[in-house]
Each structure stands twice: as C-alpha cells, then as structure tokens.
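Rule-based calculations on the coordinates, nothing more; no lab input. Every value quoted in this text rests on a predicted model; they were computed, and no experiment measured them. Note: ideal-geometry Cβ built from the backbone for every residue, glycine included; neighbour counts use all protein chains shown.
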C-alpha cells in the first residue's frame with residue numbers, strides 16, 4: 001500500500017526540527033565540546049543564514065531515519081554509537097558533560113528517545129526496559145485512592161498489572177466499553193485520575209475515539225494515556241487528538257524484528273515529563289544501550305514495513321471474511337467494521353493486526369493455531385514474521401473466563417500479527433490449517 005498521503009504530507013510537530021537540531025544529543029563524552037569551542041560555534045551560527053525558515057517540515061518517513069541522530073562528528077559513523085558505559089568522567093565535582101550515570105541517561109538512549117518523540121509529534125520521550133515498565137511508570141503518577149478507567153478488552157498484561165498489582169496499593173479500576181463514550185462518562189468518579197486507552201484494542205481491534213476520551217479525562221481533571229503499540233506513530237499520533245501520554249511496547253512494530261524487549265512513553269507536557277523522568281531514574285527500569293541501538297535500527301524501516309503489514313492484513317481480512325469456517329473478522333479496514341469510519345478519520349491506514357472468530361471449540365481452535373507453518377505460534381506481535389495465537393489460552397489467559405467471555409474474547413477467537421511475507425503464502429497457510437482443524 002502506498003502511504004504518502006495528505007495526513008503525512010501535512011505532518012509537522014514541535015519536534016520537527018530534531019532532524020537537523022538533534023546533532024548535539026549524542027555529542028557527549030569523547031565528542032563533547034570545550035567552552036571555547038562552544039563560544040566559537042555560537043559566533044559561527046550567528047553569522048550563518050537560517051535556512052530552516054524556508055525548508056519544509058520533515059515528513060514522518062524522513063523523521064524515522066534521521067530524527068534524534070546525526071553522523072558522529074569525530075568518525076563520520078552514520079549510526080549513533082552504542083555507548084556501553086555505566087559512568088562518565090566529570091570535568092569537576094558536579095560538572096558533567098550531560099551524562100553522569102547510565103541508569104539516569106545514556107547517549108544511545110537519548111538518540112532513541114528523541115527519535116520516538118519526533119515520530120509521535122511530542123516534545124519528550126522516555127525509554128524503558130519493557131512495555132509493561134512504561135505502563136507501570138504511568139501508574140506511578142497516581143496516588144492511593146485514585147481511580148482508573150480502562151477498556152474491557154485491554155491487553156492481558158495490562159489487566160494483570162492493574163488488578164493484581166495496583167489494587168493492592170489502593171487504586172481502583174473500572175473496565176468498561178471505551179468505544180461508548182457515554183459508558184465511559186458514566187464510569188467517571190470524583191477520584192478518577194486516569195483514562196487508559198488502547199486503540200485499536202487488543203485483541204478485538206475496536207477503535208476508541210481518542211479526542212472524545214481525552215476531553216472526558218480533562219473535564220474530570222484526569223490524564224488520558226493511549227497505548228499506541230498496535231497502530232504505531234506511522235499510522236496514528238494520539239497527542240494530536242489531545243492525549244497526555246502515549247505508551248509503546250518497543251518490542252513490537254517499532255523494534256520490528258522480534259529481537260528486543262523495550263517500552264516508551266512520549267508526552268508534550270514538560271511537567272509531566274519531569275515526573276516520568278523521575279520515576280524512570282528512581283525505579284531504574286531502563287533499556288540497555290544495545291537495545292536502544294536495535295530499536296533505532298527498527299524505526300528506520302518502520303514506514304516501509306507498516307505499508308506491507310497493512311496491505312497483507314487487508315487482503316487476509318477480506319479473504320477470511322469470505323471463508324465459511326470464519327464467523328467474524330475483526331479488522332478496522334473492513335467496511336463492515338463498526339468503527340471503520342472513525343478509524344479512517346483517526347488513522348492513516350489500518351495496520352497489520354487482525355483477529356477472527358472461528359465456529360469452533362477451544363480445542364479445535366488450539367489445533368488450528370498449532371497447524372500453521374508460516375505463521376508461528378507465539379505471543380507478541382509486530383515483527384516481520386507472521387505470528388498467530390489463541391488469546392483464551394495465551395495472551396489473555398490471566399483474565400477470568402467469565403470476564404473474558406463477557407468482553408467478547410471467545411474460545412474460538414484467534415489473533416494474527418500479519419508479517420511481511422508474500423500474502424498468498426500466508427493465505428495458503430491459513431487455509432491448510434483450517435482444513436486440518438475443522439475437517
């Protein structure tokens with residue numbers, strides 16, 4: 001699917017200058033300038049014409065490759081170095097060159113954080129050791145007695161964190177149909193401090209109205225945080241719709257190759273970022289520099305990968321919808337999806353995730369997902385290889401069965417992360433597995 005469209009052509013952010021202006025972010029340690037050099041550079045810049053005023057804002061395809069990064073000034077290395085350091089020399093006691101200890105900050109991590117902020121159109125990015133560490137950091141902002149509203153088909157790991165960890169710390173949670181803003185509004189309490197949004201949701205691919213939910217949150221003096229893992233900033237940018245925080249599992253599409261585990265938070269709010277940074281440093285769930293390097297490699301190809309993921313998923317969704325063994329397909333790119341129009345307004349394309357429901361028992365569905373050979377039976381998503389799983393026994397097994405069924409997560413539900421393989425090979429694999437499981 002060709003992805004240069006009006007939404008991306010108009011893309012501009014507070015961080016759009018980072019393609020050219022972020023050159024100093026990784027110039028620390030051996031590359032740090034002396035005070036004299038800084039003064040000389042400032043004098044040179046004062047006499048250099050400002051060409052940024054006439055240049056167009058970098059589009060997201062360009063941001064993905066360049067934002068937060070520049071060639072190493074000493075060696076000319078195109079990719080930012082992997083700064084495998086735990087500590088940094090100080091010029092005098094208390095006088096560092098921007099970094100003092102790698103839990104607090106690392107130049108490779110800074111490059112990644114700036115890149116992610118630019119892609120989301122935010123001012124600040126924070127990277128974490130996992131997506132769950134990022135979500136946990138958002139909950140660190142809350143206090144005992146606070147109330148959180150989340151979707152009733154939220155990711156199982158998020159549900160577990162909310163229910164089995166933070167309820168013990170006197171936070172309360174309401175899991176409701178967040179596609180119905182009236183239902184969300186009815187769930188708001190005086191103590192509501194956060195509305196947690198997934199869109200598309202995991203695994204039913206429901207679409208939530210970010211702008212409407214952000215307005216509800218702000219009317220209640222609460223925060224609105226959006227997990228943008230499924231869509232990625234290439235397809236959807238929640239800050240532009242009023243969200244306060246965007247969350248990501250870097251393990252998924254942003255890393256893109258199933259070889260890293262990481263998370264991120266992006267915000268436009270300076271005070272909020274300061275709080276997130278405090279918890280990031282204090283708790284210490286930060287990624288190592290090699291992970292940051294790998295995710296930076298991944299973001300460079302995010303646009304081209306997402307185009308292929310989306311094209312393949314659209315084709316498979318249409319073919320599955322016509323298959324007699326499939327009762328329902330959940331993919332916002334289908335015209336009969338209940339939130340297709342909202343998805344078309346809120347997203348630039350519909351992404352590489354889809355779910356479908358078989359007319360099958362739990363055991364038959366288990367057989368089906370075990371019979372595929374191109375689709376790998378595995379949790380996670382967003383890599384170049386296609387993955388398939390059964391939510392009832394895998395990603396959402398932590399949700400009690402009665403709650404799972406009430407939320408529409410049936411025994412016959414299958415979730416697929418559609419990769420970048422040839423679509424006809426993927427379809428042949430699904431057809432053969434259906435025949436084997438349901439014959």
At a 10 Å Cβ-Cβ cut-off, how would you order 110, 301, fewest neighbours first? 301, 110
In nanometres, the difference between 0.36 nm per residue of separation and the alpha-carbon distance of residue 86 and residue 259 is 60.0 nm
Pairwise FRET efficiency - residue 283 versus residue 405, Cβ, R0 = 35 Å, nearest 0.05: 0.50
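Please order 248, 257, 396 by the number of other Cβ within 10 Å, starting at the fewest.
Final ranking by Cβ density, sparse to dense: 257, 396, 248.
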Which entry in (i) 82, 60, 39; (ii) 60, 58, 48; (iii) 77, 50, 39 matches Cα extents along the principal axes in Å derived from the coordinates of this structure? (iii)
Ranking 294, 194 by Cβ neighbours within 10 Å, fewest first, what do you get? 294, 194
Between residue 271 and residue 318, with labels modelled 7 Å along Cα→Cβ, what's the label distance in nm to one decimal, could you check? 5.0 nm
Here, residue 104 and residue 425, labelled 7 Å along Cα→Cβ, have an inter-label distance in nm of 4.9 nm
Computed lengthening from residue 191 to residue 160, 0.36 nm per intervening residue step minus Cα-Cα distance: 9.0 nm
Mean residue ellipticity (222 nm) of the chain, computed from DSSP H runs ≥ 4 via -39,500 (n - 2.57), nearest 500: -10500 deg cm²/dmol
Extended-chain gain in nm, criterion 0.36 nm per residue less alpha-carbon gap, residue 73 and residue 140: 20.3 nm
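Pop the C-beta distance of residue 57 and residue 394 into the FRET formula with R0 = 51 Å and round what comes out to the nearest 0.05.
Using R0 = 51 Å, I get an efficiency of 0.75.
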Okay, which of the range 376-399 sit inside 13 Å, backbone N to the point 7 Å along the Cα-Cβ direction of residue 370? 377, 390
Residue among 400, 190, 93 with the largest mean-square fluctuation in a Gaussian network model of the chain, springs linking Cα atoms under 10 Å: 93
